[in-house]
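Okay, structure first, notes after.
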Amino acid sequence: MGHSIWVTSDTHFYHENIIRYCKRPFATVKEMNEVITERWNSVVQPGDKVYHLGDVAMGEGAREQLGSLLTKLHGSKRLIVGNHDDIPWLAKGGWFKKISMWRVFTEWNLLLTHVPVHESSIHERIVVAGGVNVHGHIHSNDSPAGPYFNACVEKTNYTPINIEDILVNCKKLRDNQN
């Protein structure tokens, strides 16, 4: 069996205020970190690839403890940089195989970014019609109207989502727009 590709966004490990701000169903940061880790490892296998669409961690304890948490997470991790990510520090840690501003999957007409980008930017990166921007940043809010898919943990039950499931959802999105 081949390796799977997974997508997640806005884990905000160690970020106490995100629990209240996004009404996450956790009593403590410790519980949030444990549940996200458990759900991640329940679907991601060690040989899989995971695209994290940014805002990995922030808050007290993140710098001291994030490395040990990330090494517990299955899969080969790639980071699409978020607005709260300290790029030099995360790069120095070596926890991510690649760090970039976006990822284009031309074979699936997908543009992975942290924030939803303007529709014209999707078409600049993906020449083929029907491209979709898979993004994070907006947490439990709905994506803008158009070719978008929100991969924030609040929208995916705090579990990475398989790229095949994203493609199925994107097909439904396109079918509903026609």
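Values as computed for the structure displayed
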| item | result |
| --- | --- |
| In the stretch 122-153, the residues that are touching a Gly at 6+ places or on another chain (Cβ under 8 Å), at pLDDT below 90 and either of a type in the set (Phe, Trp, Tyr) or surrounded by 20 or more Cβ atoms within 10 Å (Cβ to Cβ) (or both) | Ile122, Pro147 |
| Residues being over 14 Å from the mean Cα position of the chain (by Cα) and crowded, with 17+ Cβ neighbours inside 10 Å - total across the stretch 75-103 | 2 |
| From the options Lys23, Lys72, Lys49, Lys30, residue that is in contact with a Gly (Cβ under 9 Å, 6 or more places away or on another chain) and either surrounded by fewer than 19 Cβ atoms within 10 Å (Cβ to Cβ) or among the acidic types (Asp, Glu) (or both) | Lys49 |
| Sole exception among (1) assigned to a strand (DSSP E or B); (2) surrounded by fewer than 19 Cβ atoms within 10 Å (Cβ to Cβ); (3) of a type in the set (S, T, N, Q) for Thr8, by number | (2) |
| Failed condition for Tyr158, given (1) of a type in the set (Ser, Thr, Tyr); (2) part of a helix (DSSP H, G or I); (3) within 18 Å of Ile5 (Cα to Cα) | (2) |
| Asn17 vs. criteria in contact with a Gly (Cβ under 8 Å, 6 or more places away or on another chain), farther than 15 Å from Ile161 by Cα, in a helix (DSSP H, G or I) and not small (Gly, Ala, Ser) | yes |
| Matching entry among Ile18, Ile5 (being under 14 Å from Cys152 (Cα atoms), modelled with pLDDT of 95 or more and not aromatic (Phe, Trp, Tyr)) | Ile18 |
| Helices (runs of 4 or more DSSP H) lying entirely in the stretch 33-126 (those with 2 or more residues that are basic (Lys, Arg) and touching a residue at least 24 places away in the same chain (Cβ under 8 Å)) | 62-72 |
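The values are calculated or read from the model by the stated rules, or taken from the named source; none is laboratory data. All of these numbers come straight from a predicted model, not from anything done at the bench. Every residue, glycine among them, receives a Cβ derived from its backbone with ideal geometry; neighbour counts consider all protein chains shown.
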